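The values are calculated or read from the model by the stated rules, or taken from the named source; none is laboratory data. All values derive from a computational prediction rather than experimental measurement. Backbone-built Cβ (ideal geometry, glycine too); neighbour counts: all protein chains shown.
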Amino acid sequence: MCRFPSVVAVVLLALGIVAPSAAAAPIASSAFYTTWARTDQPVASGAVSRTWMWGPSADSGPLLEPYAESPGGQRLVQYFDKARLELTHPNGDSSSPWYVTTGLLAEELITGNLQLGDTTFHHFAPAQVNVAGDLNDPNGPTYASFSGLMGVAPLASGAVITQTVDRAGRVGSDGSLASEHVTATDVGAPTNHTVASVFWAFMTSTGPIEVDGQTTAGPLFPNPFYATGYPLTEAYWTSVLVGGVSKQVLVQVFERRVLTYTPSNPAGWQVESGNVGLQYYAWRYQQLGLPVEAATVSPLPVTGVTVSLSAGQPVPAVAHVTGYVPNTCATPQAPVVTLGGQTVTVRIDMVQPTNAVCAQVATPYSRDVPLGAFARGDYTLLVNGFKTTFHAS
């Protein structure tokens, strides 16, 4: 559904749900920003008219959430309208698209299994939260409505989707929906479900994206399942209220997202990503009452940078960065490298609990950071504000 912030806020307040943030929050981590910017910066700048994949801005500040396999048993996360971004392994390869992950929020909501580690869960009932449309719609299906549909056999590939679902999870059929010409597509998902043709076209689409601060054309996602995960259910038509107006919408629950298709919406906004980030935050922190732990993200103090060049064309370059970690609570993250013309920018973040009492004992920091390979020329290197230059020849 198209997001109108004032409407969302009013509905949340009417339900007694406190939104993650009363105002737009800055994107705390440079790695989170890179992930957000790929699909959503072109939307924010007006370069393209299409659904937000994350949202116009972050809805929460940076948080630390329990996760067994992360350093210290906690990982950095930040909530957006439509997802949660996560750094589970902060010292991993920051150049990998999987360095930042987007949580299995829809799976947790549909099963009630709150994930606290790769194999660690707390078990609750499936969420009584509407999957699409107005959150206070008394008749729209909830995640609990879809919970019993996870084991339903898939449609035949190519079958026209006319099946419907209601709030009670009852499945029906409406032959008139065949006129929408939406079909089931077998994508080989290990969850044994098809993907609606309109959703698969979106998941594999190309368009304006941002890479290294420049708008270019490319796949919206490095992998079709990167943002959505695998389908957990088949796609179903249902009626939901959108801004108080009843609309016929196709809904499909994936591991990470809910995708909706509203034929009456304008082009670019017919396929949308549901507000799973807002829904999940409300479920986890308001309905379940789990504690919120704020985090502080700041640049690591850098005291020196040298650049080593190797033989070859283009010329491989590595920066040797020295600095310090100022206290016993701060955890350095993997460097994030951004290339922009003749300028190379490296951001090394530190994360720490906002309210922790930390010993102010500095620890030396040293790391070699691969910068990439460069054509002949002069370059400026910025590492957390520390500036140096190098010449590739």
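Applying the condition of being closer than 14 Å to Leu64 by Cβ and not acidic (Asp, Glu) to segment 345-357 and asking which residue is surrounded by the most Cβ atoms within 10 Å (Cβ to Cβ) yields Val351. Restricting the search to segment 221-276, which residues are surrounded by 20 or more Cβ atoms within 10 Å (Cβ to Cβ) and basic (Lys, Arg)? The answer is Arg256, Arg257. Here Gly218 clears all of (1) touching a Lys or Arg at 6+ places or on another chain (Cβ under 9 Å); (2) surrounded by 16 or more Cβ atoms within 10 Å (Cβ to Cβ); (3) assigned to a strand (DSSP E or B) except the condition numbered (2). Exactly one residue among Ser95, Ser57 is of a type in the set (Gly, Ala, Ser) and closer than 27 Å to Asp368 by Cβ, and that residue is Ser95.
If you go through segment 168-202 and pick out every residue that is under 20 Å from Ser239 (Cβ atoms), surrounded by fewer than 18 Cβ atoms within 10 Å (Cβ to Cβ) and either touching a Pro at 6+ places or on another chain (Cβ under 8 Å) or not aliphatic (A, V, I, L, M) (or both), you end up with 10. Residues in segment 101-114 that are under 27 Å from Ala37 (Cα atoms) and at pLDDT 95 or above: Leu104, Leu105, Ala106, Glu107, Glu108, Leu109. In the set Val307, Val292, Val321, only one residue is of a type in the set (A, V, I, L, M, F, W, C) and either in a loop (DSSP other than H, G, I, E, B) or closer than 30 Å to Gln248 by Cα (or both); that residue is Val292.
Contact map, segment 159-175: residues that are of a type in the set (Asp, Glu) paired with residues that are loosely packed, with under 13 Cβ neighbours inside 10 Å, Cβ distance under 8 Å, separation 6+ or inter-chain. Pairs shown: Asp166/Gly172.
Inspection of segment 177-188 identifies at least one residue that is over 30 Å from Ser96 (Cβ atoms), part of a loop (DSSP other than H, G, I, E, B) and not basic (Lys, Arg).
Residue-wise test of (1) free of Cβ contacts under 8 Å to residues at least 12 places away in the same chain; (2) basic (Lys, Arg); (3) under 21 Å from Tyr99 (Cα atoms); (4) part of a strand (DSSP E or B).
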| site | (1), (2), (3), (4) |
| --- | --- |
| Thr296 | no, no, yes, yes |
| Ala317 | no, no, no, yes |
| Met350 | no, no, yes, yes |
| Cys358 | no, no, no, no |
| Pro364 | no, no, no, yes |
| Arg367 | no, yes, yes, yes |
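Residues in segment 225-251 that are over 14 Å from Ser173 (Cα atoms) and part of a loop (DSSP other than H, G, I, E, B): 10 in all.
Could you tell me whether segment 329-344 includes any residue that is surrounded by fewer than 16 Cβ atoms within 10 Å (Cβ to Cβ), among the hydroxyl-bearing types (Ser, Thr, Tyr) and part of a loop (DSSP other than H, G, I, E, B)? No, that holds for no residue.
Looking only at segment 22-32, decide whether some residue is at pLDDT 90 or above, within 14 Å of the chain's Cα centre (by Cα) and either on the phi > 0 side of the Ramachandran plot or loosely packed, with under 13 Cβ neighbours inside 10 Å (or both). Checked segment 22-32: no residue is at pLDDT 90 or above, within 14 Å of the chain's Cα centre (by Cα) and either on the phi > 0 side of the Ramachandran plot or loosely packed, with under 13 Cβ neighbours inside 10 Å (or both). In a residue-by-residue description of segment 168-176, the property of being touching a strand residue (DSSP E or B) at 6+ places or on another chain (Cβ under 9 Å), more than 19 Å from Tyr280 (Cβ to Cβ), aliphatic (A, V, I, L, M) and modelled with pLDDT of 95 or more applies to at least one position.
For segment 136-159, the set of residues classified as surrounded by 17 or more Cβ atoms within 10 Å (Cβ to Cβ) and of a type outside the set (A, V, I, L, M, F, W, C) consists of Asp137, Gly140, Pro141, Thr142, Tyr143, Ser145, Ser147, Pro154, listed by residue number.
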